[in-house]
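Derivation of every value follows stated rules applied to the coordinates shown; laboratory data play no part. On a predicted model such as this, the values are computed, not experimentally measured, just so you know. FYI the Cβ positions are ideal-geometry reconstructions off the backbone, even for glycines, and counts take in every protein chain you see.
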Amino acid sequence: MKEIYDIAVVPGDGIGPEVSKAAVRVLTEALGSTAVLRFAEYPAGAELFQRTGDSFPAATFEACRSADAILHGAAGLPGVVHPDGTEAGLDFTLGLRSKLDLYANVRPIKLWPGVTSPLRGREVGDIDYVIVRENSEGLYAARGSGVFLRGEVAMDPLVQTRKGIERIVRFAFELARTRGGAPADGRRRVTCCDKANVLRSYALFREIFSEVARGYPDVEAEYALVDAMTLHLVRQPSHYDVIVTENMFGDIISDLGAATVGGMGMAPSAELGDGNGFFQASHGSAPDISGKGIANPYGTVLAGAMMLDWLGRRHGDRRLLDAARRIELAVHDALAQRNALSGDIGGTMGSADITGILCANLAPAA
Ligand code: ATP
Ligand code: MG
């Protein structure tokens, strides 16, 4: 346990500053006057690039690397690109991912009471599962190493390694043992989502998944092909507990999952390595609504709660674990009463008012 935790806040672009401000306010309030978290802001992203020509300053990286955790708003603006054509801001998120080896992207998909889902009323039961997306290899790791022949042929390598698969699968099984939620039938379950019938890289993923699963006899292991998975996540999402999958598949099914629980504004995301944690909402910078004060802050606030939970477990600090639970309860109450809904989830309330209600809902610390 530490006395004080240093949190590097990178507000970033578009609605990033609005939603990160909301999260910092709720986290500060949840931990009371004890100043357990020390927040410091660092610049990165497309807007910074426009002003200074640098979208990811070395000082920001150093601050992120040495902080206890990183809280991010969002990065990137349409059309703001580096001379080599890559999006400004993407170098920040991808750079942190690779330099800090944040190999596990954890994306909880939870339907909160009071939130409208396109699946509601269809007897789908509780939606409360977690997608564990491999974040360091797979198809997206090919970035820049593919082949492109004069507009005629393109090819991107899909590389998966034993080391990469083993560590992400083990991460998923450990999470199934420790996470709070439970699938409808109350069992601990990890689903391997792949395309093992067509591609060798996914066959290796499945083979190693089976090996690792033997070490977790208390957790059920099952398999689903990614195409069937998209059907299952619509038809019977309550079946799922933890889903582990390759990088690109994880990207795709987590947007599908978010759509079933109220959209991108409701979906938090954590990118974890053995030493660092990077927390943000799953959505992007949403420039169409930035500066209007109407962004949905729930995704980033929930990412903040994930950050406290992660720090609390790492450092055996009950204050942080307790604050994480109380933030989740405050979110639950605000949504269940349907009196703190932003435009994207069927309401009319602005970010600051929602944040105020969340703070007012916080139960006192234990
Ligand atoms: P990225 O490329 O970073 O994934 P994107 O192009 O997928 O970004 P987002 O910025 O995630 O796009 O958002 C898509 C649209 O969803 C936005 O234009 C906005 O209208 C809506 N949206 C996203 N996040 C929020 C939010 N927090 N609150 C309200 N609306 C949102
Ligand atoms: Mg997107």
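What the table shows:
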item: Within the stretch 117-261: Cβ-based charge dipole about Cα centre, in debye rounded to nearest 20 (Lys, Arg +1; Asp, Glu -1); result: 160
item: 10 Å Cβ shell holding at most 14 others, DSSP loop, trypsin sites (Lys or Arg not before Pro): longest site-free stretch of the chain; result: 3-119
item: GLY347 long-range amide H proximity, modeled H, under 5 Å; result: SER342
item: Descending Cα extents along the principal axes, the chain, whole Å; result: 53, 53, 41
item: Local electrostatic count, ALA69, Cβ distance below 10 Å [Lys/Arg +1, Asp/Glu -1]; result: -1
item: Separation of the ALA154 and ALA366 label points, Cα + 7 Å toward Cβ, nm; result: 5.2
item: Integer Hz, Karplus 6.51/-1.76/1.60 couplings in order for the stretch 148-157, x for Gly and Pro; result: 9, 9, 5, x, 10, 9, 9, 8, 10, x
item: Spacing of the two label points (7 Å from each Cα toward its C-beta) at ARG177 and CYS359, in nm; result: 4.0
item: Kyte-Doolittle mean at least -1.0 and Cα axial length at least 18 Å: DSSP H helices in the chain; result: 16-30, 162-178, 200-213, 247-260, 298-315, 318-336
item: Value of Rg to Rh for the stretch 1-154 (Rh from inverse mean 1/r over Cα pairs, i.e. Kirkwood); result: 1.04
item: Estimated FRET transfer efficiency when R0 is 30 angstrom, pair GLN337-TYR223 (beta carbons, to 0.05); result: 0.15
item: Label point distance in nm, GLU207-ILE252, each placed 7 Å from Cα along Cα→Cβ; result: 2.3
item: Positive dipole terminus of the stretch 117-261, leading residue within SER136, THR191, PRO217 (C-beta point charges); result: SER136
item: Relative contact order [Cα under 8 Å, 6+ residues apart], the chain, whole percent; result: 23
item: The stretch 117-261: C-alpha gyration tensor shape, a/c 1.5 cut-off, then a/b vs b/c; result: oblate
item: Binned Cα-Cα distance frequencies in the stretch 253-366 - 5 Å width, integer %; result: 2, 11, 20, 23, 20, 14, 8, 2, 0
item: Eligible lysines near LYS292 by straight Cα distance, threshold 28 Å, same-chain separation 8 or greater; result: LYS21, LYS110
item: Unit charges at the beta carbon, dipole of the stretch 288-366: most positive-side option, GLY304, GLY350, LEU335; result: GLY304
item: Sequence-separation-based contact order of the stretch 117-261, relative, with Cα cut under 8 Å and 6+ spacing, percent; result: 39
